[in-house]
Every structure is written in structure tokens, then in C-alpha cells.
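Q: First, the structure itself, so that you have it in front of you.
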Amino acid sequence: MLEVSAKFSIGQVVRHRKHPFRGVVFDIDPTFSNTNEWWESIPKDHRPSKDQPFYHLLAENDESYYVAYVSEQNLLVDDSGEPIDHPEVEEMFGEMLNGRYNVSARMN
């Protein structure tokens with residue numbers, strides 16, 4: 001079996017390579033683990049490989065907050081140092097420290 005390691009980690013702030021949104025990673029799937037309907041809703045010429053990590057994000061753009069599911073190839077590090085304003089971030093992680101969220105802050 002192919003060993004897949006994730007480039008990003010839980011609590012890390014990332015941004016989408018093509019679309020104007022950013023978010024904080026709250027879960028990671030080693031390979032694609034969503035529905036076929038979700039997969040088929042992506043235009044064929046934009047579908048990423050299923051054999052890479054996929055990230056669950058508490059995401060935001062200029063208009064809304066939502067949960068996003070994004071392939072590793074479509075993410076970049078967000079080094080702006082700006083916090084994510086998604087309403088679930090504080091509940092899940094607490095405050096941002098040194099540009100990232102600490103998952104252990106809320107595990108007690």
C-alpha cells in the first residue's frame with residue numbers, strides 16, 4: 001500500500017490555490033473519502049487525483065463561512081498571520097498562536 005503523508009497539519013491556516021478562500025485544517029483524510037456525487041460535481045478537467053490527502057477546513061471567504069473539503073494539490077500555506085473568523089474556530093481550537101491553532105487547547 002502506498003504511504004501518503006500530509007503536507008499540512010491540523011490547526012494550520014491554508015488558502016485555496018485557485019479560489020478566494022482560506023481556512024483552518026480540522027481533519028485530514030489520507031486519500032479521497034467523500035461521495036461519488038461530490039466527486040462527479042467537479043468538472044472533469046478540474047478533478048484532482050483521489051490518491052492524495054484531502055483536508056476538512058473551517059473555511060471563509062468575503063461572503064460566508066462554511067466547511068470545505070479540498071485536495072492537497074489545491075492548497076497553499078496562508079502566511080498572512082490573520083486569524084480565521086469562522087464561528088466554529090474558537091470552539092474547536094481556541095486562540096491562534098504564532099500563526100496556527102493549537103488542537104490540544106480544546107481537547108481537555
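Values in this text are rule-based calculations from the coordinates and carry no lab data. Just so it is clear, the model here is predicted, and its values are computed rather than measured. Cβ sites come from the backbone with ideal geometry, for glycine too, and all protein chains shown count toward neighbours.
Q: From the list SER49, SER33, SER9, which one is over 15 Å from the mean Cα position of the chain (by Cα) and either surrounded by fewer than 17 Cβ atoms within 10 Å (Cβ to Cβ) or of a type in the set (S, T, N, Q) (or both)?
A: Within the list SER49, SER33, SER9, the selection yields SER49.
Q: Among the residues of region 15-30, write down those that are touching a Leu at 6+ places or on another chain (Cβ under 7 Å), buried (at least 18 other Cβ atoms within 10 Å of the Cβ) and of a type outside the set (A, V, I, L, M, F, W, C).
A: ARG15, HIS16, GLY23
Q: On to the next question. Looking at GLN73, GLN52, which is the one that is of a type in the set (S, T, N, Q), touching a residue at least 24 places away in the same chain (Cβ under 8 Å) and outside any loop (DSSP other than H, G, I, E, B)?
A: Testing whether each residue is of a type in the set (S, T, N, Q), touching a residue at least 24 places away in the same chain (Cβ under 8 Å) and outside any loop (DSSP other than H, G, I, E, B) leaves just GLN73.
Q: If a residue must be on the phi > 0 side of the Ramachandran plot, among the small types (Gly, Ala, Ser) and without any contact (Cβ under 8 Å) to a residue 60 or more places away in the chain, how many such residues does region 76-104 contain?
A: 2
Q: Can I ask one more? Restricting to region 75-91, what's the tally of residues that are closer than 16 Å to ILE28 by Cβ and either buried (at least 18 other Cβ atoms within 10 Å of the Cβ) or basic (Lys, Arg) (or both)?
A: 1
Q: In the list GLU63, GLU40, GLU72, which residue meets the criterion of being within 10 Å of the chain's Cα centre (by Cα) and either crowded, with 17+ Cβ neighbours inside 10 Å or more than 18 Å from SER9 (Cβ to Cβ) (or both)?
A: GLU72
Q: While we're here: I'm trying to understand the selection: among the residues of region 18-65, which are among the polar types (S, T, N, Q) and within 25 Å of MET96 (Cα to Cα)?
A: If the condition is that a residue be among the polar types (S, T, N, Q) and within 25 Å of MET96 (Cα to Cα), then ASN61, SER64 are the ones that fit.
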